[in-house]
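Each remark here refers to the structure printed beneath this line.
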Amino acid sequence: MRLLCDEMLQGIGRWLRAAGYDTAIASRGADDDDLLAQARADQRVLLTCDRSLAGRAAPGRVVLLPTESPDAAAAALCQALGIDWLLAPFSRCLLDNTPLRPAGPAALARLPERTRAAPGPITVCPTCGRIYWPGSHVRRMRARLERWQAL
């Protein structure tokens, strides 16, 4: 499933990427017509919190999400799309949506030695170079994904 978040939902978009979903995030100030065209062209389901935009999209190609909390949006996604929050955790870059690869020697050399010695996997984004390892930040994020999976 390929998703497109409007700019107001970039936070939940990053969580969807953390879960392993191919999730594009609209550029800042993107026009509604451009968003609808992008969703159609890329065969993505549009996620929005804008009722008027949702009303203009093809049925079944848009999900209107609540904005009161990430937990509410996560629950709505579970109900509307059957999102599996543990599909492929931390397999995509949270920043640019690129599939991650195992970190090679050059990427590992950029990490502190104690991080390199930690149990893996250690991955890297081939586009932006960001390195991901199972530190405390990833553990906290994984705990939230597990909580959302129980929804």
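Only the coordinates and a few stated rules stand behind these numbers; no lab work does. Because the structure is predicted, anything quoted here is derived from the model rather than measured. Positions of Cβ are generated from backbone atoms using ideal geometry, with glycine treated the same way; all protein chains shown enter the neighbour counts.
Return the calculated 222 nm mean residue ellipticity for the chain, to the nearest 500 deg cm²/dmol, obtained by summing -39500 (n - 2.57) across DSSP H runs with n ≥ 4 and dividing by the residue count.
Calculated mean residue ellipticity at 222 nm is -11500 deg cm²/dmol.
Using alpha carbons only, how many angstrom separate the centre of the stretch 61-129 from the centre of the stretch 1-45?
15
Could you work out the relative contact order of the chain? I mean the mean sequence separation of Cα pairs under 8 Å and 6+ apart, divided by the number of residues, in percent.
Details: 223 pairs, mean separation 33.5, N = 151.
Relative contact order of the chain: 22 percent.
Can you tell me which of VAL138, VAL62, VAL45 moves the most in a GNM of the chain? Springs connect C-alpha atoms under 10 Å apart.
VAL138
Going by a ≥ b ≥ c, the root eigenvalues of the Cα gyration tensor, does the stretch 2-81 fall in the rounded group (a/c under 1.5), the prolate group (a/b larger than b/c) or the oblate group?
Because its axes are fairly even, with a/c under 1.5, the stretch 2-81 counts as rounded.
DSSP loop (so not H, G, I, E, B), at most 12 other Cβ within 10 Å: list which trypsin sites (Lys or Arg not before Pro) in the stretch 1-55 pass both filters. Intermediate results must be reported in sequence, preceding the final value.
Details: sites: ARG2, ARG14, ARG17, ARG28, ARG40, ARG44, ARG51; in loops: ARG28, ARG44.
In loop regions of the stretch 1-55 (DSSP not H, G, I, E or B), the sparsely surrounded trypsin sites (Lys or Arg not before Pro) are ARG28.
Decide, for the stretch 82-151, between rounded, prolate and oblate: order the square roots of the alpha carbon gyration tensor eigenvalues as a ≥ b ≥ c, take rounded if a/c falls under 1.5, and otherwise choose prolate if a/b is larger than b/c, else oblate. List each step's numbers first, then the result.
Numbers: a/c = 2.87, a/b = 1.60, b/c = 1.79.
Oblate shape, in that a/c is at least 1.5 and b/c is the bigger or equal ratio.
Springs between alpha-carbon atoms under 10 Å, Gaussian network over the chain: tell me which of ASP33, ASP84, ASP50 tops the mean-square fluctuations.
Per the Cα network of the chain with a 10 Å cutoff, ASP33 tops the list.
Using unit Cβ charges (K, R positive; D, E negative) and no other charged atoms, how large, in debye to the nearest 20, is the dipole of the chain about its Cα centre?
720
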